[in-house]
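Note sheet for the following structure.
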Amino acid sequence: MTSNLPGLTSEEAARLLQQYGLNAPPEAKPLGVFAIIARTLKEPMFFLLAAAATLYLFVGDLGEGLFMVVGAGASITLVVIQELRSERALQALQKLAEPVAQVFRDGAERRIPARDLVPGDILLVGEGQRVPADAVLLAGDALIIDESILTGESAPVAKTLAGDGAELAFPDPGGDYTPFLYAGSMIVRGSGVARVGRTGPRTAVGGLGASLASIKGEPSPLQKRTGALVAKLGAFALIFCALVIMAYGLVHGDWFEGAIAGITLAIGLLPEEFPMVLAIFLAIGAFRLAGRNVLVRRSSVTETLGSTSLLCVDKTGTLTKNRMAVARLYTGGAIEPIPDAPDAEQHRLIQAALRASSVNPVDPMDRAIHALAEKLEIPAGGTAIESFPIKPERLAFVQSWRGESGVLEAAKGAPEEIFQVSQISAKDHARHARVVEEMAREGLRVLAVAATTPRASLAGARYRFLGLVAFEDPIREDISDAVAAARRAGIGVAMITGDYPATALAIARAAGIDTQAGVFTGAEIAETPPEQVAERIRNVRVFARVTPTNKLALVEAFKADGHIVAMTGDGVNDGPALAAAHIGIAMGQRGSDVAREAAHIVLLDDRFASIVAGVELGRRISSNLRKALTYITAIHVPIAGLALAPILMGLPPMLLPAHVVLMELIIDPTCSLAFEAEPGEKDSMLRPPRPQSEPLFGTRDLLLGVVQGFAVFLAVLSVYVLANGFSVDEREARGLAFATLIIANLTLALSDALPKGVSPFARENLFFWGIAAAALSVLGAGLYFPPLAALLHFAPPDWAQLALAALLAISAGGWYGMWRRLIHPI
């Protein structure tokens with residue numbers, strides 16, 4: 001599309017951007033290394049490590065104290081690295097979420113990041129958009145704008161064209177009938193062309209786009225539950241720590257050993273990895289989803305995405321290519337293809353349709369009409385005076401024009417609406433309706449056109465029906481496969497459209513959507529009592545002539561029927577339905593700012609296949625997160641048990657704080673790197689979604705972790721008890737038992753993380769094998785390098801005993817994985 005306002009050249013825009021700077025608010029300072037360290041040091045785990053290190057440094061062995069300090073430093077370093085990884089992922093999402101603007105540059109329309117706007121840019125604005133910079137309205141409709149973000153006034157204000165006053169100074173926001181548009185205000189109705197006057201900090205709002213560009217990181221339900229659990233376990237651990245110290249001190253008179261034992265037990269009881277793992281999985285998961293063109297605006301929805309049971313999608317642009325082209329014309333006789341040379345009636349129909357389209361078209365059908373008129377060299381003829389956009393109560397766009405012969409109005413919209421305003425006879429109504437039905441059965445979208453006769457005044461003017469214009473919007477090539485994949489995964493697909501019922505059914509059949517229950521219309525939804533809607537639509541998957549109000553009713557009905565609902569939307573009035581859905585999905589390429597702000601997810605390429613790919617990745621993220629949390633639960637059982645059981649049995653302590661530090665250095669990267677990188681289960685999209693009543697990490701998973709951890713605890717304790725029973729040196733018994741614990745831990749991690757049917761040596765497991773190699777190297781050094789062995793209170797065990805202990809460890813850590821693969825080998 002071109003304009004008589006060509007705008008700036010690329011060179012001028014670059015120079016002005018250098019002069020005025022980015023059209024953006026001051027960026028929030030990213031979380032730095034020292035801020036992450038300070039936050040980490042506030043965790044109970046590091047308070048306990050600091051206490052242990054202090055005891056060793058001032059009361060116990062200096063070498064052990066320094067080892068604790070180094071170990072704590074290494075643990076903090078791991079946390080910082082992982083937090084920075086999450087921060088980088090969120091910053092990348094911030095850039096993807098930035099708002100865009102449509103401008104004229106170098107004489108052509110372009111879509112650019114709103115931050116690149118400069119004073120002098122010619123800007124296209126339309127209904128549902130936030131104004132990206134302070135600007136002056138030059139052409140188009142009289143806009144209705146909500147400036148409440150600036151003025152606090154809830155009533156929208158009207159804007160008029162600037163004419164020759166485009167260079168006037170900007171007054172304060174507020175007031176009707178001015179040409180000034182302000183950054184951050186919302187266009188409620190109309191579209192137009194404006195010239196940017198002020199950008200960035202010079203705008204009335206002092207910046208823009210903050211709401212769209214923010215990735216909201218509010219805690220997910222699981223994060224809240226696990227946060228509460230960790231807080232309770234933290235309090236429980238501190239109480240137990242105090243009890244062990246008191247018991248040791250009063251019974252044995254050894255307060256130092258009591259303090260060390262109590263701190264070791266407290267560290268073992270505290271699963272401080274839960275919050276870190278959740279935050280990392282949700283942040284990195286959102287980044288991975290962005291790679292599939294699914295931009296998560298609220299990171300907590302990552303947890304919900306894999307549970308989606310019903311996808312409610314728009315037809316246009318999601319199932320179809322959104323490349324509207326006029327395919328058929330009807331002027332009262334036969335349905336005709338697009339002619340090379342239109343006759344008088346066809347000329348009149350196309351010209352009226354052009355007059356009933358926006359002068360600066362944004363809507364795909366308006367663009368298609370403009371393209372056809374330009375191809376056939378049919379001018380609009382005259383000057384647009386005023387336009388009346390489509391409303392729910394009037395499904396037609398009306399525009400008045402002034403030409404040489406006088407003034408007139410042209411209207412285009414839903415056939416039933418145009419039939420009514422044209423006051424055609426019942427016979428003609430029935431004849432034209434049959435033609436509409438015939439076109440709709442071919443999957444064409446049909447609009448009717450009417451106009452008044454030019455005259456001196458519009459008072460008393462009557463509309464005359466001029467004909468029908470049918471548009472073709474072919475479905476995307478990958479739709480059938482994507483719909484089939486969704487249905488195999490137990491996910492229902494419902495198509496919701498404002499189209500004629502026959503058109504909706506034709507497109508649904510072509511896309512592979514279930515049409516057995518027929519089509520349900522918006523009028524039928526409105527007529528059905530709210531409490532009965534869920535039952536009436538239970539098996540229906542095609543909805544036609546649907547209004548935004550109907551969309552909200554559908555979402556509520558499907559939710560009441562037990563579905564996890566994902567709803568797509570792109571219009572101004574789709575906000576309530578998107579907000580009400582479990583997962584609101586806005587269109588990134590054609591969606592309004594209102595829709596994007598209300599949505600949980602923005603679909604960057606507007607493709608249905610990307611939604612299905614996002615659900616598949618969401619299932620992978622949820623599955624791996626569940627496995628990681630189960631592993632964390634499992635590994636803390638033997639740590640806590642082995643810190644307490646030897647004391648209760650009258651044996652020398654097996655675990656000391658230094659040993660727990662080493663375990664944490666293995667656990668942290670394992671659960672946050674190895675588990676996160678695992679591929680999804682091969683049959684993840686052949687299983688139904690997780691029921692709404694089933695939490696991602698619930699009692700069943702907690703019990704599974706406890707059972708797995710108890711098996712490891714029994715194996716390690718058996719090795720330690722038997723070694724002590726056979727009069728093995730205390731240090732050798734401790735080293736043998738700790739080796740058993742390390743090997744069982746690594747086996748447990750691989751067993752829990754590895755998807756069925758995936759080789760342990762697959763490329764995705766490189767993280768795990770790197771961690772395993774590092775852990776076994778440190779273990780070997782701790783057992784056979786005398787200085788380190790002395791710090792850890794180890795002695796080299798017998799090789800035969802070590803081999804038997806390793807076999808026992810592999811059995812204790814891997815039994816569940818083997819059982820799972822034997823029961824479900826694929």
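The values are calculated or read from the model by the stated rules, or taken from the named source; none is laboratory data. Note that this is a predicted model, so its numbers are computed, not measured. All Cβ positions, even for glycine, are placed from backbone atoms using ideal geometry, and neighbour counts span all protein chains on display. Surface accessibility is based on the protein's heavy atoms, side chains included, excluding ligands, DNA and RNA. Shrake-Rupley method; radii C 1.70, N 1.55, O 1.52, S 1.80 Å.
Evaluate the following for residue 308: is it touching a residue at least 60 places away in the same chain (Cβ under 8 Å), among the polar types (S, T, N, Q) and within 21 Å of residue 415 (Cβ to Cβ)?
On the way: touching a residue at least 60 places away in the same chain (Cβ under 8 Å): yes; among the polar types (S, T, N, Q): yes; within 21 Å of residue 415 (Cβ to Cβ): no.
Against the criterion (touching a residue at least 60 places away in the same chain (Cβ under 8 Å), among the polar types (S, T, N, Q) and within 21 Å of residue 415 (Cβ to Cβ)), residue 308 does not qualify.
Restricting attention to segment 1-22 and to residues that are within 29 Å of residue 367 (Cα to Cα) and at pLDDT 70 or above, the residue that is least open to solvent (accessible area, probe 1.4 Å) turns out to be 13.
Per-residue answers, yes or no, for (1) within 19 Å of residue 813 (Cα to Cα); (2) at pLDDT 90 or above:
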{"residue": "710", "(1), (2)": "yes, yes"}
{"residue": "722", "(1), (2)": "no, yes"}
{"residue": "733", "(1), (2)": "no, yes"}
{"residue": "746", "(1), (2)": "yes, yes"}
{"residue": "750", "(1), (2)": "yes, yes"}
{"residue": "756", "(1), (2)": "yes, no"}
{"residue": "759", "(1), (2)": "yes, no"}
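Of 575, 650, 591, which residue is part of a loop (DSSP other than H, G, I, E, B) and under 30 Å from residue 110 (Cβ atoms)? When all the criteria are applied, what remains is 591. The set of residues from segment 799-823 being open to solvent by 60 Å² or more (accessible area, probe 1.4 Å), farther than 21 Å from residue 636 by Cβ and in contact (Cβ under 8 Å) with a residue 40 or more places away in the chain comprises 801, 818. For segment 613-625, a residue qualifies if it is more than 13 Å from the chain's Cα centre (by Cα) and crowded, with 22+ Cβ neighbours inside 10 Å, and the qualifying residues are 619, 622, 624, 625.
When residues in segment 523-552 are screened for being surrounded by fewer than 22 Cβ atoms within 10 Å (Cβ to Cβ) and either polar (S, T, N, Q) or in a helix (DSSP H, G or I) (or both), 16 of them pass. Once segment 499-519 is narrowed to residues that are of a type in the set (Gly, Ala, Ser) and without any contact (Cβ under 8 Å) to a residue 60 or more places away in the chain, the residue that is farthest from residue 545 (Cα to Cα) is 512. Selection of segment 382-426 for residues being over 46 Å from the mean Cα position of the chain (by Cα) and either among the hydrophobic types (A, V, I, L, M, F, W, C) or within 21 Å of residue 189 (Cβ to Cβ) (or both) yields 407, 408, 424, 426. Residues of segment 706-732 that are open to solvent by less than 10 Å² (accessible area, probe 1.4 Å) and either free of Cβ contacts under 8 Å to residues at least 40 places away in the same chain or in contact with a Cys (Cβ under 6 Å, 6 or more places away or on another chain) (or both): none at all. Name the single residue that is surrounded by the most Cβ atoms within 10 Å (Cβ to Cβ) among those in segment 316-371 being among the charged types (D, E, K, R) and in contact with a Lys or Arg (Cβ under 8 Å, 6 or more places away or on another chain). My answer is 321.
Of all residues in segment 444-467, those satisfying the criterion of being part of a strand (DSSP E or B), touching a helix residue (DSSP H, G or I) at 6+ places or on another chain (Cβ under 9 Å) and open to solvent by 10 Å² or more (accessible area, probe 1.4 Å) are 445, 446, 447, 451, 464, 465, 466.
Out of 381, 406, which single residue is of a type outside the set (Val, Ile, Thr), buried (at least 16 other Cβ atoms within 10 Å of the Cβ), in contact (Cβ under 8 Å) with a residue 12 or more places away in the chain and in contact with a strand residue (DSSP E or B) (Cβ under 6 Å, 6 or more places away or on another chain)?
Working: 381 fails: buried (at least 16 other Cβ atoms within 10 Å of the Cβ).
None of the other options fit; the residue is 406.
Restricting to helices (runs of 4 or more DSSP H) lying wholly in segment 316-435: which have 1 or more residues that are farther than 30 Å from residue 161 by Cα and not hydrophobic (A, V, I, L, M, F, W, C)? Filter on segment 316-435 gives 344-355, 415-422.
Residue by residue, here is whether (1) at pLDDT below 90; (2) of a type in the set (Ser, Thr, Tyr); (3) touching a Phe, Trp or Tyr at 6+ places or on another chain (Cβ under 8 Å) holds:
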position	(1), (2), (3)
615	no, no, no
618	yes, no, no
636	yes, no, no
641	yes, no, yes
653	yes, no, no
660	yes, no, no
663	yes, no, no
669	yes, no, yes
676	yes, no, yes
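Contact map, segment 468-495: first residue under 13 Å from residue 443 (Cα atoms) and in a strand (DSSP E or B), second residue of a type in the set (A, V, I, L, M) and open to solvent by 40 Å² or more (accessible area, probe 1.4 Å), Cβ cut-off under 7 Å, separation 6 or more or different chains; pairs are 471/325; 472/325; 475/510.
Mind listing whichever residues of segment 369-396 are under 30 Å from residue 522 (Cα atoms), modelled with pLDDT under 90 and among the hydrophobic types (A, V, I, L, M, F, W, C)? Once the filter is applied, which keeps residues that are under 30 Å from residue 522 (Cα atoms), modelled with pLDDT under 90 and among the hydrophobic types (A, V, I, L, M, F, W, C), segment 369-396 yields 388, 390, 395, 396.
Residues in segment 284-307 that are under 25 Å from residue 81 (Cβ atoms), modelled with pLDDT under 80 and open to solvent by 10 Å² or more (accessible area, probe 1.4 Å): how many? Even if it seems obvious, please write down each step before you answer.
Pass one, segment 284-307, residues under 25 Å from residue 81 (Cβ atoms): 284-291, 296, 299-300, 302-303.
If we keep only those that are modelled with pLDDT under 80 as well, we get 299-300, 302-303.
Among the residues that remain, those that are also open to solvent by 10 Å² or more (accessible area, probe 1.4 Å) are: 299-300, 303.
Selection size over segment 284-307: 3.
Scanning segment 698-707 turns up at least one residue that is at pLDDT 85 or above and either among the charged types (D, E, K, R) or within 23 Å of the chain's Cα centre (by Cα) (or both).
Which of the following residues is closer than 29 Å to residue 497 by Cβ, surrounded by fewer than 20 Cβ atoms within 10 Å (Cβ to Cβ) and of a type in the set (Phe, Trp, Tyr): 397, 388? Being closer than 29 Å to residue 497 by Cβ, surrounded by fewer than 20 Cβ atoms within 10 Å (Cβ to Cβ) and of a type in the set (Phe, Trp, Tyr) holds for just one of 397, 388, which is 388. Taking residues in segment 107-126 that are more than 14 Å from residue 590 (Cα to Cα) and touching a residue at least 60 places away in the same chain (Cβ under 8 Å), and partners anywhere that are outside any strand (DSSP E or B) and aromatic (Phe, Trp, Tyr), the pairs with Cβ atoms closer than 7 Å and at least 6 places apart or on different chains are 118/20; 119/20.
Of the residues in segment 744-754, at least one is in contact (Cβ under 8 Å) with a residue 24 or more places away in the chain and either surrounded by fewer than 17 Cβ atoms within 10 Å (Cβ to Cβ) or not in a helix (DSSP H, G or I) (or both). Summed over segment 787-813, residues that are assigned to a helix (DSSP H, G or I) and either of a type in the set (Lys, Arg) or closer than 20 Å to residue 652 by Cβ (or both) total 8.
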